[in-house]
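Worksheet: the structure to be examined is printed underneath.
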Amino acid sequence: MGGAVSRPQQITVLGATGSIGLSTLDVISRHPERYRVFALSGFARLAELEALCLLYRPRYAVVPGAEAARHLQGGLLAAGLTTRVLVGVAGLCEVAAHPEVDAVMAAIVGAAGLKPTLAAVEAGKKVLLANKEALVMSGALFMQAVRKSGAVLLPIDSEHNAIFQCLPTDYARGLAAVGVRRILLTASGGPFRETPLAELEQVSPEQACAHPNWSMGRKISVDSASMMNKGLELIEACWLFDARPAQVEVVIHPQSVIHSLVDYVDGSVLAQLGNPDMRTPISHALAWPERIDSGVAPLNLFSIARLDFLPPDELRFPCLRLARQAAEAGGTAPAMLNAANEVAVAAFLERRIRFPEIASIIDAVLNFEPAAVVESLDVVLAADSRARALAEQWLNRHGR
Ligand code: NDP
Ligand code: MG
């Protein structure tokens, strides 16, 4: 490694039309000598996907259905492009595992990203993981597949990318072996950190999606408002860094300048700082172990002036407690937590439930059955389906 890059790396961007996908393409555009777009995928925003294809001229594009594929293929042919349009999960898995691909940005939101992300892992790719839900659902199998294939897994989630940067390169020997005492996972606290508790009953999807520091997709924005995002990230950290849930402490840090910290046994605490812009972790992971320009402005400590830290309030944020419980229970519990959360967040965005009912639904689903051992992907997918059905039953029972 190191030195001049001989040929551009071929990159597949799963979830190209989303917030992380677009930030990834922004970084790629800054380094045409290093990166070439191999494949792009979209789901509902197909006009945007077509525009991205015209701009990046990928070998493949992936859409959810046959009708959308015909439409996009026609448009691209008319524009003189040879891009081939593929369909559905099979298409996503094909472009994730294609022999000519060097790196895959896994930026589909939710459980829908699991199979394509796993396909990239099993093919031994460099996998840039934004799709935390995939790892939360299937952590043990996912990490086993990484070890088996030799895939290089690089975290895009800003906190995990920060932790990765603060750990020594041989951290896979075990946190204790490299002298780590704790991981400190920072959280902004989201838009409702100081909202009077009684008012949470009335908050709208628009208020939940108006994050104070980050601009993100709607699902993760609601997760940030409920702090389920931090709960999912706690589970994500346990798998990525082989930590016990008790070794990961959540710290509210409203400025989102410190992206997380690692506490060592000698009392040293290492942190990674930066402006809250996902192009920093994306550039870090794309170029690792080198460094490239991301387009992010230099951090101005004088304009930030102060950094605050507070403990999380579990009364305000019950989702954090539920996620910790699921992390400790292990097995199928995180997959059920994630699936119940996906159904609840979608219902909240459709104004079918009130914000605090997101936690009520997840609590009800997790209490319905004890966690089972995960021996295979089928067990994970069955737990995911069961949890979705239970969450839908809750919605019906409550007349939503
Ligand atoms: P967005 O909602 O902005 O984008 C999601 C992407 O996934 C879009 O390209 C969307 O296509 C596609 N997609 C949605 N549903 C499906 C489906 N069923 N099948 C295939 N593709 C689908 O989300 P973000 O970019 O914000 O987040 C992406 C992932 O990254 C999430 O897992 C999130 O937790 C994680 N992440 C995001 C951060 C951020 O700053 N945004 C920070 C850290 C992690 P289309 O738009 O065409 O419908
Ligand atoms: Mg994060």
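The values are calculated or read from the model by the stated rules, or taken from the named source; none is laboratory data. The model shown is predicted, which means the values in this text are computed figures rather than measured ones. Ideal geometry is used to build each Cβ from the backbone, glycine not excepted, and the neighbour counts take in all protein chains shown.
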| Subset of the range 307-325 (residues that are of a type outside the set (K, R) and part of a helix (DSSP H, G or I)) | P318, C319, L320, L322, A323, Q325
| query | Hey, any hits in the range 150-164 for a residue that's surrounded by 24 or more Cβ atoms within 10 Å (Cβ to Cβ), more than 22 Å from W288 (Cα to Cα), touching a helix residue (DSSP H, G or I) at 6+ places or on another chain (Cβ under 7 Å) and not assigned by TED's automatic domain parsing to the domain that holds L337? | reply | no
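A quick yes/no check of all residues on (1) in contact with a Leu (Cβ under 7 Å, 6 or more places away or on another chain); (2) acidic (D, E); (3) surrounded by fewer than 16 Cβ atoms within 10 Å (Cβ to Cβ):
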residue: E357; (1), (2), (3): no, yes, no
residue: P370; (1), (2), (3): no, no, yes
residue: S376; (1), (2), (3): no, no, yes
residue: A383; (1), (2), (3): no, no, no
residue: R386; (1), (2), (3): no, no, no
residue: W394; (1), (2), (3): no, no, no
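Residue-wise test of (1) within 13 Å of ligand 2 (Cβ to nearest atom); (2) under 30 Å from R173 (Cα atoms); (3) modelled with pLDDT of 95 or more; (4) touching an Asp or Glu at 6+ places or on another chain (Cβ under 8 Å).
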site	(1), (2), (3), (4)
K230	yes, yes, yes, no
L234	yes, yes, yes, no
A237	yes, yes, yes, yes
V250	yes, yes, yes, no
I258	yes, yes, yes, no
L261	no, yes, yes, no
Q272	yes, yes, yes, no
| field | Residue that is farthest from H284 (Cα to Cα), among those in the range 115-133 that are within 16 Å of ligand 2 (Cβ to nearest atom) and in contact with a strand residue (DSSP E or B) (Cβ under 7 Å, 6 or more places away or on another chain) | value | N131
| request: Could you please let me know if A151 is under 29 Å from P276 (Cβ atoms), aliphatic (A, V, I, L, M), more than 16 Å from ligand 2 (Cβ to nearest atom) and out of contact with any Phe, Trp or Tyr (no Cβ under 6 Å at 6 or more places or on another chain)? | output: yes
| field | Residues located in the range 28-48, provided they are more than 18 Å from the chain's Cα centre (by Cα) and crowded, with 23+ Cβ neighbours inside 10 Å | value | Y35, V37, A39
| field | Residue satisfying all of: in the range 132-189; within 14 Å of ligand 1 (Cβ to nearest atom) and of a type in the set (D, E); nearest to A323 (Cα to Cα) among these | value | E133
| said: Can you report the number of residues in the range 191-222 which are away from ligand 1 (no atom under 13 Å from the Cβ) and either over 20 Å from P276 (Cα atoms) or without any contact (Cβ under 8 Å) to a residue 40 or more places away in the chain (or both)? | reply: 16
| task | Look at E328 and say whether it is surrounded by fewer than 20 Cβ atoms within 10 Å (Cβ to Cβ) and not in a loop (DSSP other than H, G, I, E, B). | result | yes
| Picking from D293, D263, which residue would you name as being acidic (D, E), more than 30 Å from R30 (Cα to Cα) and either in the same structural domain as L234 (by TED's automatic domain parsing) or in contact with a Pro (Cβ under 8 Å, 6 or more places away or on another chain) (or both)? | D263
